[in-house]
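What follows is a short report on a single structure.
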Amino acid sequence: MGGFFGAVSKTNCVFDLFYGTDYHSHLGTRRAGMAVYSREKGFDRAIHNIENSPFRTKFQDDVDKMEGVFGIGCISDFEPQPLIVRSHHGTYAITTVGKINNTDELVNEVYKNGTSHFLEMSGGDINPTELVAALINQKESITEGIRYVQDSVEGSMTLLLMTNEGIYAARDKLGRTPIAVGVKDDGYCACFESFAYLNLGYTHERELGPAEIVFMTPDGIRQMAPAQKKKKICSFLWIYYGYPCSSYEGISVEEMRYNCGKLLAKRDHVKPDLVAGVPDSGTAHAIGYANESGVPFSRPFIKYTPTWPRSFMPTNQSKRNEIAKMKMLPVEALIKDKSLLLIDDSIVRGTQLRETTEYLYASGAKEVHIRPACPPLLYGCKYLNFSRSSSEMDLITRRMIRAREGDNVSDEVLKEYSDPESPKYKEMLDDICRQLNFTTLRYHRLDDMIESIGLDKEDLCTYCWDGVE
């Protein structure tokens with residue numbers, strides 16, 4: 001995934017930029033950067049690796065040195081950014097959030113139109129942000145270039161682009177990721193997470209619509225391209241990625257998770273001794289479940305976070321699993337001889353949740369009932385860098401389906417496995433339950449999850465669960 005923050009001010013904006021970007025640290029784990037523009041010093045940039053140190057630690061020295069009335073910053077899981085580009089549009093800085101599925105096609109198009117090479121390689125591949133800049137540079141104006149990106153990219157692409165006059169903010173064509181705009185006396189900001197500017201003195205102005213492009217200066221915001229009606233915002237933002245204080249499309253992340261747990265409880269039949277969330281992504285869902293069911297909410301194991309890095313940060317999967325396990329500390333008084341109902345945001349590979357379950361049994365648990373807060377993940381995300389998995393076969397659901405159906409599974413068969421009323425769905429859940437050693441397993445239904453969010457299905461991207469684009 002990734003996140004960004006941009007600010008335009010009549011005075012130095014580096015303080016806002018530093019903390020506004022830092023508030024997006026939950027969205028990325030590998031790279032971070034800030035770029036600023038000062039009328040006296042021009043453009044300046046700092047990029048650091050944040051795999052082993054948090055954003056604030058890596059950038060605190062840069063804050064004292066950087067100066068600018070405009071600034072953009074980002075947290076990224078993959079490529080280094082923002083980039084500073086010189087083109088016929090002048091010099092600008094750019095940062096992006098999204099995924100490009102047709103890179104080769106777009107690179108060939110850019111080569112045909114005169115671009116001779118790319119400089120910013122990321123992991124041996126072309127940096128997607130540089131490719132976006134190259135596409136923008138194909139057109140006569142920046143706005144026209146951004147529209148070209150929105151129309152050309154298969155996947156999604158949301159961006160901030162900073163010139164010496166202000167900042168362009170552009171939401172991807174179908175609004176899969178958000179942009180929230182804040183305002184205060186001396187300027188404006190635009191960012192992924194709507195809570196990121198509240199403690200910096202901004203008040204909420206509005207959210208950009210799908211494909212909308214605006215240009216921000218300290219004196220105001222000018223719409224450069226209108227919002228489109230068709231929308232497909234990522235549902236997983238509410239389930240997992242969004243920080244609890246955020247809201248998207250006016251819908252609170254934390255409140256949605258309470259609703260999610262509530263609807264999970266309404267369909268359940270087990271009577272556990274206590275309800276718990278896998279810390280921290282399942283906690284709010286578990287509170288909603290407990291409030292509805294009357295089963296006490298407890299914390300039978302605690303995540304030790306002061307010194308451990310995030311579990312999904314190391315590139316080696318076995319190391320991620322090992323770190324995730326070492327971070328969990330049991331409260332044996334709340335586990336021994338207890339029937340536990342555990343809620344996690346999702347089950348992807350299943351490795352960590354199986355180890356968590358075995359850990360609870362080893363600590364004396366009598367039963368462990370698992371309730372994921374979303375439906376079974378059947379398809380790899382095509383639109384955002386949701387996971388580093390290189391194959392859909394990393395998903396535990398697809399491994400169970402392959403064991404039953406063989407290597408060549410049709411879309412029609414996958415549809416059966418996504419239908420909670422079908423025999424194949426129930427058989428898949430039984431297989432997962434046995435393999436991961438759960439007492440029982442019940443996923444959130446897609447219709448209930450959509451009700452938990454409160455938007456119409458056609459406004460939500462649910463591809464990873466039902467394959468509907």
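Along the charge dipole of the chain, Cβ charges K/R +1 and D/E -1, which of Asn259, Ile335, Cys464 sits furthest on the positive end?
Ranked along the dipole, the leading option is Ile335.
Over all directions, the average projected area of the alpha-carbon convex hull for segment 1-139 comes to how many nm²? Show your work: numbers first, answer last.
Numbers: hull surface 34.3 nm².
That works out to 8.6 nm², a quarter of the Cα hull's surface.
Can you sort Ile432, Ile221 so the residue with the fewest Cβ neighbours within 10 Å comes first? Write down the numbers at each step before the final one.
On the way: Ile432 23, Ile221 20.
Fewest to most other Cβ atoms nearby, the residues stand as Ile221, Ile432.
From the phi angles alone, apply the Karplus equation (6.51, -1.76, 1.60; θ = phi - 60°) to segment 141-158 and give each ³J(HN,Hα) in whole Hz, x where the residue is Gly or Pro.
Ordered by residue, 3J(HN,Hα) equals 10, 5, 4, 4, x, 5, 4, 4, 4, 4, 7, 8, 6, 8, x, 7, 7, 10 Hz.
So for segment 87-232, considering every pair of alpha-carbon atoms, how many percent are separated by more than 20 Å?
47
From the phi angles alone, apply the Karplus equation (6.51, -1.76, 1.60; θ = phi - 60°) to segment 189-198 and give each ³J(HN,Hα) in whole Hz, x where the residue is Gly or Pro.
With coefficients 6.51, -1.76 and 1.60, one gets 9, 9, 7, 6, 9, 5, 7, 5, 9, 5 Hz.
Which semi-axis lengths, in whole Å and largest first, follow from the square roots of five times the eigenvalues of the Cα gyration tensor of segment 1-69?
Here the semi-axes work out to 21, 12, 10 Å.
For a quick check of your reading of the filter: which GluC sites (Glu not before Pro) in segment 154-252 sit in a DSSP loop and have no more than 15 other Cβ atoms within 10 Å?
Glu154, Glu165
Mean residue ellipticity at 222 nm from the helices of the chain, using -39,500 (n - 2.57) per DSSP H segment of n ≥ 4 over the full residue count, to the nearest 500 deg cm²/dmol?
On the way: 14 runs with 142 residues, N = 469.
Rounded to the nearest 500, it is -9000 deg cm²/dmol.
Mind ordering 47-53, 72-78, 456-462, 339-345 by average Cβ neighbours within 10 Å, highest first?
72-78, 339-345, 456-462, 47-53
Could you sort out which of Lys262/Lys457; Lys229/Lys457; Lys382/Lys415; Lys112/Lys173; Lys229/Lys266 sit more than 22 Å apart by Cα distance in this structure?
Check vs 22 Å cut-off fails for Lys112/Lys173; Lys229/Lys266.
How many nm is it between the label spots at Ser391 and Thr11, if each spot is 7 Å from the Cα in line with the beta carbon?
5.7
Under the Karplus relation 6.51 cos²θ - 1.76 cosθ + 1.60, θ = phi - 60°, what is the ordered set of whole-Hz ³J(HN,Hα) values for segment 413-423, x standing for Gly and Pro?
Here the 3J(HN,Hα) series is 5, 4, 4, 5, 6, 8, 8, x, 9, 8, x Hz.
What is the fewest-to-most order of Arg45, Arg299 by other Cβ atoms lying within 10 Å of their Cβ?
In order of increasing Cβ crowding within 10 Å: Arg299, Arg45.
Taking amide H positions as placed in the peptide plane 1.01 Å from N, state which residues far from Cys374 in sequence (5 or more) or on other chains have amide H under 5 Å from it.
His444
At 7 Å along Cα-to-Cβ for each site, give me the label-to-label distance between Glu255 and Ala362 in nm.
If labels sit at Glu255 and Ala362, their model points lie 4.2 nm apart.
Quote to one decimal, in nm, the extra length available between His48 and Asn291 on full extension: 0.36 nm per residue of separation minus the C-alpha distance between them.
Stretched out fully, the His48 to Asn291 stretch lengthens by 83.2 nm.
Over all Cα pairs of segment 253-466, how is the pair count split among 5 Å bins, expressed in % and running from 0 up to the last occupied bin?
Final binned percentages: 1, 7, 15, 19, 20, 18, 13, 6, 2, 0.
If you take the alpha carbon radius of gyration of the chain and divide it by 2.2 N^0.38 Å, what ratio comes out, to two decimals?
Scaled against compact globular proteins, the figure is 1.00.
For segment 134-190, what percent of Cα pairs sit more than 13 Å apart?
64
FYI, it's all coordinate maths here, none of it is from the lab. All values reported here derive from a predicted model rather than from experimental measurement. We place every Cβ from the backbone using ideal geometry, glycine too, and count neighbours over all the protein chains shown.
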